[in-house]
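Here the structure comes first, spelled out in structure tokens, and everything after it is commentary.
The values are calculated or read from the model by the stated rules, or taken from the named source; none is laboratory data. Quick caveat, the model's predicted, so the values are computed rather than measured. Ideal geometry is used to build each Cβ from the backbone, glycine not excepted, and the neighbour counts take in all protein chains shown. With ligands, DNA and RNA removed, areas are computed over all heavy atoms of the protein, side chains included. Shrake-Rupley method; radii C 1.70, N 1.55, O 1.52, S 1.80 Å.
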Amino acid sequence: QKEVEQDPGPLSVPEGAIVSLNCTYSNSAFQYFMWYRQYSRKGPELLMYTYSSGNKEDGRFTAQVDKSSKYISLFIRDSQPSDSATYLCAMKRGSTLGRLYFGRGTQLTVWP
Amino acid sequence: SAVISQKPSRDICQRGTSLTIQCQVDSQVTMMFWYRQQPGQSLTLIATANQGSEATYESGFVIDKFPISRPNLTFSTLTVSNMSPEDSSIYLCSVATASYEQYFGPGTRLTVT
């Protein structure tokens, strides 16, 4: 079993839709959770970060972490064609400078 | 945040040759990481490079194949040695700033023929 599981999609939604992206993990030692956005032929861009359980909101984006279920989510409200990208979840253990463990990434297309 | 540049951005190389990828950061960072991303796949960590010490390699990656240098707090190189077509991939440099944030460079797209 991989430490981080993420459905690769592809996911295709109309503009304005609410998008839900999810990851599950098996290692209860993970405490820091991130979402990266990767446009085609670009490096991953840090989008959201959450420590331990809880929610974090930033504009149209909301990250949720449920450590009891080992499940994290990223919600995108009022999705735009510019949100079309691959979204990667990542997480790490307690050391703040430690390595990241990535999901496979979910390819999202928002069509106008 | 940190701004990271990589050189070259892409290259096409013949099997058996070596390529050195450079990573430059606009600020001093303690830890730098090298990842590989194959088409349609997630990121796989190759090694962690701390300034002044030997790089730490992940399972499946060895120093003879992927030698790394870290001469100072803003620069690192990764060499892909004796290349084969299986080494065709995107190679990404990443840095960890103070606290949790980890940033990525734009990547080097390598094709081995």
If you place +1 on the Cβ of every Lys and Arg, -1 on the Cβ of every Asp and Glu, and leave all else neutral, what size is the dipole of the protein assembly as shown about its Cα centre, to the nearest 20 Debye?
200 debye
Rank B:Arg109, B:Arg70 by accessible area, highest first, at a 1.4 Å probe radius?
B:Arg109, B:Arg70
Among A:Arg60, A:Arg93, A:Arg41, the residue with the largest mean-square fluctuation in a Gaussian network model of chain A built from Cα contacts under 10 Å is A:Arg41
What net charge do the residues around A:Tyr51 carry, taking every other residue with its C-beta under 11 Å from that of A:Tyr51, with Lys and Arg at +1 and Asp and Glu at -1?
+3
Farthest toward the dipole's positive end in the protein assembly as shown, which of A:Tyr71, B:Ala47, A:Asn55, given Cβ charges of +1 (Lys, Arg) and -1 (Asp, Glu) about the Cα centre?
B:Ala47
Listed residues B:Phe104, B:Ser81, B:Ile63: farthest to the positive end of the dipole of chain B (Cβ charges):
B:Ser81
How large is log10 I(q)/I(0) at q = 0.13, 0.14, 0.18 Å⁻¹ when the Debye formula is applied to the Cα atoms of the protein assembly as shown, each weighted equally and without solvent?
-0.77, -0.88, -1.34
Can you give the charge dipole size of chain B about its Cα centre, rounded to the nearest 20 debye, using +1 on the beta carbon of Lys and Arg and -1 on the beta carbon of Asp and Glu?
220 debye
Starting from the Cα of A:Arg77, step 7 Å toward the Cβ, then list every residue of the range A:1-44 with an amide N under 17 Å from that point.
A:15-21
Students often get this wrong, so check it: of A:Lys67/A:Lys92; A:Lys42/B:Lys7; A:Lys2/B:Lys65; A:Lys2/A:Lys42; A:Lys2/A:Lys56; A:Lys42/A:Lys70, which have C-alpha atoms separated by over 19 Å?
A:Lys2/B:Lys65; A:Lys2/A:Lys42; A:Lys2/A:Lys56; A:Lys42/A:Lys70
Taking amide H positions as placed 1.01 Å from N in the peptide plane, with prolines and chain starts having none, which residues 5 or more places from A:Glu15, or on another chain, fall under 5 Å of its amide H?
A:Trp111
If a cysteine in chain B has no other Cys Cβ under 4.7 Å from its own Cβ, put it on the list, ordered by number.
B:Cys13
What FRET efficiency comes out for B:Ser9 versus B:Asn72 if R0 is 25 angstrom and r is the Cβ-Cβ distance? Round to the nearest 0.05.
0.65
Could you check which residue among A:Arg99, A:Arg77, A:Arg37 shows the biggest mean-square fluctuation in a GNM of chain A with a 10 Å Cα cutoff?
A:Arg99
